[in-house]
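The values are calculated or read from the model by the stated rules, or taken from the named source; none is laboratory data. Keep in mind the model is a prediction, meaning the values are calculated, not measured. Because the Cβ atoms are built from the backbone with ideal geometry, glycine has one as well, and the counts that use them run over all protein chains shown.
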Amino acid sequence: MTPGQRRVIFLVAMAGLAAFVIWGITGLPGFGRYPGPYGPAILKVAEGQTNATGIVSAVNFEYRGIDTVGEEFILFTAVVGMTVVLRKLRGERQRPAIEEARERAQPAGGTGVRAAALAFTGPAALIGWWLATHAQTNPSGGFQGGVVLATAFLLVYLGGEFLTFRRLSPVDITDAAEAIGAGGFAAVGVTAIAAGLPYMDNYLPLGKVPGAVSSAGTIALISFLVGIGVAAAFVQIAGELLEQTMLVREGGG
Amino acid sequence: MMTQALQVVILVLVALGATLVVMVRGRVRQVVALSAYGIGLAVLFFTMQAPDVTLSELVVGAVALPLILLLTIARVRWRR
Amino acid sequence: MNQLIPLTVAVPLLTAAALLAVRPLLAGLVWVANLAAVAAAAAVAVMLAFLLRQTSTDEAVYWFAGFRPSHGVAIGVNFVAGPISVGLALIGAILMTAALVFSWRYFTHVGTYFHGLMLIFLAGVAGFCLAGDVFDLFVWFELMGVAAYALTAYRPEERGPIQGALNFAITNSVGAYLSLTGIALIYGRTGALNMAQIGQAAASRSGHGVVVVSFLLIIAGFLVKAAIVPFHFWLADAHAVAPTPVCVLFSGVMVELGLYGIARMYWSVFGGALGHQAALADVFLALGTLTSVVGALFCFRERHVKRLLAFSTISHMGMFLAGFALMTPLGLAGVAVYVAGHALVKGALFLCSGIALHRLRSVNETCLHGRGRKLPVTGATFTLAGLGLAGLPPFALFLGKGWIEDSARMTWLTVVFTLCAILAAGAVLRVAGGVFYGLGDPPREDPRMEAEANEETGETDEGRQRTPLTMLIPPVLLVAGAMAAGVAMLVPGAGAAIERAALRFQDQAAYQAAVLGPSGHGGSAAAAPVATLHPVEPAAVTVSAVVVALVCVAGALALAGAALYWRRLPVLRRGYEPGAGLTEFSRRFQSGVINDYVTWLVVGLAIIGGVLALITGHG
Amino acid sequence: MTYFPYLVAAWILACGLYGLVTNRDLIHQIICLIVVQSSTYVMLLATGYVTGGIAPYFSDVPGSPKAVDPVVQALALTDVVVEAAVTALLASFAIQAHKRFGTLDPQDLAEFKG
């Protein structure tokens, strides 16, 4: 098909599909009139059952925990896939890291950017940590915390410290951390089986005060594991992509 | 009423943002549009009382994805 | 509470995570990774086999973290293990074990990544089969998808894999997001994600359009995965380039899971609410027939063996979809047996072409001509599998096809299916005769096909002088298994048991009762029990089925012979190539351009959507 | 307003598909795929919204008023992670395609793959 034909065929078909979907949309209850019963049922029982005040985290890590196990493994698999696809191939070699680092030691913005980036590293790490460990009480959780934690590592890179970045995040370690993050989550579930409980059962003590950091049993533990896994995954995604800029085809540029 | 007016405005902005992201030419410009669109979505989710999703959309849609894409663009521009 | 159910997913996931966590330590110990992966896959197979026995009469429902539904409202996520779902997962685990054994000595730089990805893929398969919740289904669908994209691109040093993986990933992702849109719509209508609960709520509330639309959008992802025309374009691109052991899983179970998803959505969720069963059946029957014909024609024109097998899979998917579309227990039972037999036979065919690739460095029929003579066992296995694909008794495929045709009672369907099977199996037997026995002349080729077929080179670097036993035993066992499965079906009662399982799968009211408790919660009356709609037809070996099967085998052999000796026929000497015109025609569609594939996806959905709207709009 | 958010979601979906069909650059297409997926968040969150509802947090609101649906928010969170994962994988495919083919035009990729 030529691009012109394609566009015409698509637009005609899309008009038909849109009409069909709109027909479906008009069968929905209007916006703001969610009928339930799933949400209200969760809202009614969640705080009592899990001691978590952040109901979304309770759903993610407890009621629909198995979805989140799958989700973590999707991220994990994608990073493994990236590593496989981008692994060094015959005829490619890496520029010496030192040489590369020298080039990158002077970030475009000069010392100001560098200092700012490094200065933000600590707070970013702290925020990430806090988010990952407060899933049960706040709009946060392992995922968001993990990404912010990964940002802390990336700030080190932005600060021109490429070698430090690579030393802080060698592939083997991030690999292992991801595996532990994703697998640990699944393993927490399996330990419940070993104890004769249903998979993913929240068997840790729920704590006394709803909303406290130590409350909500396995939710906090799982959120923490997810945080580790996600942080490692994003550090590795960035690391893989950065690494790519240093590969040189033998004989070529 | 206030909330609803705000939601309508942001929904219109988000719809325009999506159109813009698709229509813009040039890779880097498109990534910038995507980042802005991500922020728009985050605001929309906030008005829909979803702070968790807002935070996720901010860190992923507005920061992580553009970063991944920019690094990719940097890599594929190189040696051309 | 059956703890085997979650373990079928947890064991492969944990093994994969453990292997990848200690990957650096395994650098010199590849056999550890191999052994662990094979053991995990085999363990899953054993667990599923036990589960199949336990659930042969009844579904086992497992609620994660013990959140049982109260008053008909599910707050947790459940897995539902029934004979059909467990059986399909079991096929996946068996093929996975075979593929992992096969790849033991197949890759040189296999690393641990391959094993990890394969095991995660297996977990996705098991989770998808067992999920009883539509969003959970989507999660496993995506997990399986992401692992599959990565596996397709496993050999990035070549050009083909990356292009095939891109087309695969983008089309399937679009399909998955359409599914998710459909899930959002039905959730907005019913406020439920549990399949049984959606079924009840959808049947008892108004808003018919949203039910139809969300049904089509949800199955859109599965139609893409199942490679139903016009959503099939990605399949040949991905199959041609993925490592051969991975193709075994793609063709044997992943594509079939798409069909399973459609059947699950219809029978467990939407069937009662949609109504108009006869008209919907016609839509699926038309899609299935179209897919079968297109797949068979493309299959016959191919010279790239893996691509050829991929198109044969598309052709069979059409037959499976048509079998599902009969909406009868016997038809579905036929599909179940057909899928099982096809998975084993197709797995063996792919593994044999993997051996050819390993030893002869090519999967191009033209350039392999006669060179397979030094691989007698592989050749015999390939030929036998090809005959099985044609439906030679006692292979399980012949029973499956026979049951579908018995149940359909439509002469035209039998004729079309037999012609398709002759074309597809004839192409496979042509390869068998030409490559492994050197019969006839090598097909003449236009340069473009040649280039396409040569895109594949070896996947291995070493050991080309002999075929390791670990590569030879799996295909032999798979062919033997396909035959044994067919023989086992002849045991009195076996056919009836499968038919009962199919009947159970189609009984929405029973499914809702099993998941949500017998009390039901209104609405269940709307889901008409299937048993009353369709009297149970006996699942037996009929004379007509045997005759059709023998005609099919004879036709395939004759066609293969004709294709091989075409140029020696005195009448047609003037350089006429069968399928040359088709090649030109097909290239316009199978262009390899992702933009085209997405366009066809939207076109297909718009047409099906229009037809569904016409059918159900006035009801 | 009754159906407006759903229609916006459908519009975003259509935009993304249009971009996938008409763009001839893989990076653009990956971005369009992100747009396609973003429509699902809007659709999900819109279906679970309750007018006047509060975010599903019960820390210091005794006798809490009705909240919006927490389930769709959890689903959207999962969805966001899936998006990040798929995008990262596709980005690596694009890099590799560029290395092998020297181009990111799908038309050229299809022609050069031989």
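A few points about this structure:
- Failed condition for B:Val32, given (1) modelled with pLDDT of 90 or more; (2) at the interface with another protein chain (Cβ under 7 Å from one of its Cβ atoms); (3) over 13 Å from D:Thr87 (Cβ atoms): (2)
- Hits in the stretch A:2-35 (condition: under 15 Å from D:Val21 (Cβ atoms) and either among the charged types (D, E, K, R) or outside any helix (DSSP H, G or I) (or both)): A:Thr2, A:Arg6, A:Arg7
- The test for being surrounded by 24 or more Cβ atoms within 10 Å (Cβ to Cβ), farther than 22 Å from C:Ala333 by Cα, in contact (Cβ under 8 Å) with a residue 24 or more places away in the chain and of a type in the set (A, V, I, L, M) holds for C:Ala74.
- Within the span defined as the stretch C:178-188, every residue fails to be at the interface with chain A (Cβ under 8 Å from one of its Cβ atoms), under 21 Å from D:Val86 (Cα atoms), in a helix (DSSP H, G or I) and at pLDDT below 95.
- Sole residue being among the small types (Gly, Ala, Ser) and more than 16 Å from the chain's Cα centre (by Cα), chosen from D:Ala46, D:Ala67, D:Ala76: D:Ala67
- Taken over the stretch A:162-204, residues that are polar (S, T, N, Q), at pLDDT below 70 and farther than 16 Å from A:Glu243 by Cβ amount to 1.
- Among the criteria (1) away from chain A (no Cβ under 14 Å); (2) touching a residue at least 40 places away in the same chain (Cβ under 8 Å); (3) more than 14 Å from the chain's Cα centre (by Cα), the one B:Gly26 does not fulfil is (2).
- Subset of the stretch C:380-411 (residues that are under 18 Å from C:Phe324 (Cβ atoms) and among the aromatic types (Phe, Trp, Tyr)): C:Trp403
- Within the option set C:Thr383, C:Thr366, being touching an Asp or Glu at 6+ places or on another chain (Cβ under 6 Å) and more than 15 Å from C:Gly481 (Cβ to Cβ) holds for one residue only, C:Thr366.
- Subset of the stretch D:8-25 (residues that are buried (at least 24 other Cβ atoms within 10 Å of the Cβ) and either within 7 Å of chain C (Cβ to nearest Cβ) or among the polar types (S, T, N, Q) (or both)): D:Leu13, D:Leu17, D:Leu20, D:Val21
- Condition broken by C:Leu557, with the remaining ones in (1) surrounded by 18 or more Cβ atoms within 10 Å (Cβ to Cβ); (2) at pLDDT below 90 satisfied: (2)
- Residues in the stretch C:205-224 include at least one that is closer than 21 Å to C:Phe298 by Cβ and in a helix (DSSP H, G or I).
- Given (1) away from chain A (no Cβ under 11 Å); (2) closer than 26 Å to A:Val230 by Cβ, number of the condition B:Val63 does not satisfy: (1)
- Residue within the stretch C:574-591 that is at pLDDT 60 or above, β-branched (Val, Ile, Thr) and outside any helix (DSSP H, G or I) present: no
- Check on C:Tyr113, hydroxyl-bearing (Ser, Thr, Tyr) and either at pLDDT 95 or above or closer than 19 Å to C:Gly72 by Cα (or both): no
- When the stretch D:70-114 is filtered for residues that are charged (D, E, K, R), touching a residue at least 40 places away in the same chain (Cβ under 8 Å) and more than 8 Å from chain C (Cβ to nearest Cβ), the ones remaining, listed by number, are D:Glu83, D:Asp105.
- Residue identified as more than 30 Å from C:Leu351 (Cα to Cα), modelled with pLDDT of 85 or more and in a helix (DSSP H, G or I) among C:Ala513, C:Ala531: C:Ala513
- Cross-chain or 6+ apart pairs with Cβ under 7 Å, the stretch C:15-35 first and facing another protein chain (nearest Cβ under 9 Å) and surrounded by 18 or more Cβ atoms within 10 Å (Cβ to Cβ), then assigned to a helix (DSSP H, G or I) and among the charged types (D, E, K, R): C:Leu20/A:Asp175; C:Arg23/A:Asp175
- Only one of the listed residues (B:Ile68, B:Ile10, B:Ile39) is assigned to a helix (DSSP H, G or I) and at the interface with another protein chain (Cβ under 8 Å from one of its Cβ atoms). That residue is B:Ile68.
- Of the residues contained in the stretch C:291-308, none is found to be in contact with a His (Cβ under 6 Å, 6 or more places away or on another chain) and aliphatic (A, V, I, L, M).
- Counted residues, the stretch A:36-66 - those being part of a loop (DSSP other than H, G, I, E, B), more than 9 Å from chain D (Cβ to nearest Cβ) and more than 26 Å from the chain's Cα centre (by Cα): 1
- C:Thr381 vs. criteria in contact (Cβ under 8 Å) with a residue 12 or more places away in the chain, buried (at least 24 other Cβ atoms within 10 Å of the Cβ), polar (S, T, N, Q) and in a helix (DSSP H, G or I): yes
- Entry remark, the stretch C:431-451: residues being assigned to a helix (DSSP H, G or I), under 31 Å from the mean Cα position of the chain (by Cα) and modelled with pLDDT under 80 number 4 in total.
- Counting only residues that are facing chain D (nearest Cβ under 7 Å) and either in contact with a Ser or Thr (Cβ under 8 Å, 6 or more places away or on another chain) or modelled with pLDDT under 90 (or both), the stretch C:154-168 holds 6 of them.
- Of D:Phe112, D:Phe58, all but one fail to be surrounded by fewer than 23 Cβ atoms within 10 Å (Cβ to Cβ), at pLDDT below 90 and touching a Phe, Trp or Tyr at 6+ places or on another chain (Cβ under 7 Å); the exception is D:Phe112.
- Set C:Phe79, C:Phe102, C:Phe114: member being buried (at least 24 other Cβ atoms within 10 Å of the Cβ), closer than 18 Å to C:Val345 by Cα and in contact (Cβ under 8 Å) with a residue 24 or more places away in the chain: C:Phe102
- Take the conditions (1) closer than 18 Å to A:Pro29 by Cα; (2) at the interface with chain C (Cβ under 8 Å from one of its Cβ atoms); (3) part of a loop (DSSP other than H, G, I, E, B); D:Ala46 misses just one of them, which is (3).
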